[in-house]
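Undergrad: Mind looking over this structure? Questions follow.
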Amino acid sequence: MQAPELAMDTQGYINLIDHVHGQERTSAENPGYRVEFLALTDFVRWNNIYLAGLISNKTVIRGELSRGEFTLYQLMYNIRPDIRYELPTAIIRAGINHESNHTVSQADPAGYVWMNSLQVSIGTKGSNYLFIREQFKPYKNQFINDLDGYVFLARYRDSAGTIWTGRYHDYEWKIGGRLRFQIGSFNKWAYFAGTDVTAWLRETGDWEYRTVLRLNLFRKQLHNFAGFYYAYHLYDTYSFDNESYLGSVGFQVIF
């Protein structure tokens, strides 16, 4: 058994997203553009156990359809202490999410939203962005036809009015998962598709749901695994960040 060692290794991704269709089914808002950033830093490694910290941010730019102008609309971030245990083909993770949702371009009568939750997850390595490069490294000009996935469960703290307990939300539970189909690797490109499903339970007993379909095309043999994807929100009733019926094209860099 090895002694704990300082790792200080960072991995993550950057997404640049443009909504390309579906805005006619929304209200008078143009869904516009998004920028997403996530970084996970492993601080300490002890055998197969990693103590880490995660920070992520999502910036939403949108505007009124009639005017055709875009403004900074929404900022969302998450800060999370994280622990994971790596098995040969699977990962078990747990962390405490500290999330915030800030509406920028218009006054929010309720104020800024703060949500804190304990989340646990288990799944195969092939469903996680941390291992997507390693997943396709052995394959060259061949179909893979393999399935990967994970599930997660989160419990929210009661919204007691502070940023550390929660404010301006009534969510109790969050549950979801991902199913990813590894298609194959041809001409230095990796092809995979999948679906993400998430559900939120509110204190009223009502549920909110989100289902996203995604097709990915990523370039191999680069230090940073980069490529394009198309995503379609088949169904979305989440109150704070709704993209129902919207299709988008994204450019993603995984570092």
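Readers should treat all values here as calculations from the given coordinates under stated rules, not as data from a laboratory. In this text the structure is predicted, and so the values were computed from the model without any measurement. As a convention, Cβ positions derive from the backbone with ideal geometry for all residues, glycine included, and neighbour counts pool all protein chains shown.
Undergrad: Which order, highest average first, do 3-13, 132-142 follow once you tally other Cβ atoms within 10 Å for each residue and take the mean per peptide?
TA: 132-142, 3-13
Undergrad: Mind checking the dipole of the chain: about its Cα centre, +1 per Lys or Arg Cβ, -1 per Asp or Glu Cβ, Debye to the nearest 20?
TA: Dipole size: approximately 880 debye.
Undergrad: If the chain between Phe186 and Ala94 were fully stretched, how many nm would it gain, using 0.36 nm times the residue separation less the Cα-Cα distance?
TA: So the extension gain works out to 29.6 nm.
Undergrad: So if I restrict to the alpha-carbon atoms in the chain, what is the Rg, and what is Dmax, the biggest pairwise distance, in Å?
TA: 19.0, 64
Undergrad: Answer with one residue from Thr195, Phe37, Thr10: the one whose Cα lies farthest towards the positive end of the charge dipole of the stretch 5-254, charges on Cβ with Lys, Arg +1 and Asp, Glu -1.
TA: Thr10
Undergrad: With a point put 7 Å past each Cα toward its Cβ, work out how far Asn47 is from Leu215 in nm, to one decimal.
TA: Output for this residue pair reads 4.5 nm.
Undergrad: With each run of n ≥ 4 DSSP H residues scored as -39500 (n - 2.57), what mean residue ellipticity at 222 nm is computed for the chain after dividing by its residue count and rounding to the nearest 500 deg cm²/dmol?
TA: -500 deg cm²/dmol
Undergrad: Once you list every other residue whose beta carbon is under 9 Å from the beta carbon of Asp148, what net charge do they have if Lys and Arg are +1 and Asp and Glu are -1?
TA: Once positives and negatives cancel, what remains is +2.
Undergrad: Work through the residues other than Leu40 whose Cβ is under 11 Å from its Cβ and net out their charges, Lys, Arg +1 and Asp, Glu -1.
TA: 0
Undergrad: Can you tell me the relative contact order of the stretch 5-254? Whole percent, Cα pairs under 8 Å, sequence separation 6 or more.
TA: This gives 15 percent for the stretch 5-254.
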